[in-house]
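Reviewing the structure listed below.
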Amino acid sequence: MTGEVLVAYATTNGSTAQIAEAVAQVLCREGLTAEAQPARSVASIEMYDAVVVGGALYAGRWHKDARGFVRRHRRALAERPLWFFSSGPLDASASERNIPPVSGVRRAMDRLGVREHVTFGGCLEQGARGRVARMILRNGKGGDFRDFPAIEAWAQRVAEELTAA
């Protein structure tokens, strides 16, 4: 495949955006044309041949912008190679074992024929927006649990699938 790949992401404090950027960089390094864009700002996906959608997890739900993106573009997404990722656990669990998608993401995967979903660790650091985020930080539960080598390895697998197609 030589077309364009969209990496759409939904984030509140920027952590998921950094994961999306890392995914797009790997795809580009592997010879694909890829760009990361905030999910809420994507008006059309018609120019893209494949899509990766990433959303932060909050209280067991995908970020509202990721859900809205999938809902708005469901018909076009169903016609393209599609991958999902989630980010969120504020511990090492995502690096230690496979964390299945939350139920809403699982339903979207089934409807759209998503090729794969992966959950990456999240990041919540001082200065994060939101009352709940500030409470989590006050309780000492924040930190950066993203595993960029694992993120890059997953993006490499996506690239391999796309370039083999």
- In the chain the accessible area split gives carbon plus sulfur, as whole percent at 1.4 Å, a share of 48 percent
- Message: How far apart, in nanometres, would the label points at Glu46 and Arg29 be if each is projected 7 angstrom from Cα along the Cα-to-Cβ direction?
- Response: 3.4 nm
- Length-normalised contact order of the chain, Cα under 8 Å, at least 6 apart, in percent, tallies to 25 percent
- Item | Accessible area (Å², per residue) of the chain, counting only protein heavy atoms and a probe of 1.4 Å | 51 Å²
- Item | Globularity ratio of the chain, using Cα Rg and 2.2 N^0.38 Å | 0.99
- In degrees from 0 to 90, rounded to the nearest 10, what is the angle of the helix 148-164 Cα long axis to the longest principal axis of the chain? 10 degrees
- Query: Helix 103-112: angle to the longest alpha-carbon principal axis of the chain, degrees 0 to 90, nearest 10?
  - Reply: 0 degrees
- Message: At 1.567 mPa s and 4 °C, plugging the Kirkwood radius over alpha-carbon pairs of segment 77-161 into Stokes-Einstein gives what diffusion coefficient in µm²/s?
- Response: 90 µm²/s
- Provide the percentage of antiparallel DSSP beta bridges, counting only those with both residues in the chain; round to the nearest 5. 15 percent
- Cβ-derived FRET efficiency at R0 45 Å, Asn139 paired with Glu116, nearest 0.05: 0.85
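The values are calculated or read from the model by the stated rules, or taken from the named source; none is laboratory data. Everything numeric here is computed off the predicted structure, so don't read it as measured data. When we count neighbours, we look across all protein chains shown, and the Cβ atoms used for this are built from the backbone with ideal geometry, even at glycine. Remember, those area values only see protein heavy atoms, side chains included, never the ligands or the DNA or RNA. Shrake-Rupley method; radii C 1.70, N 1.55, O 1.52, S 1.80 Å.
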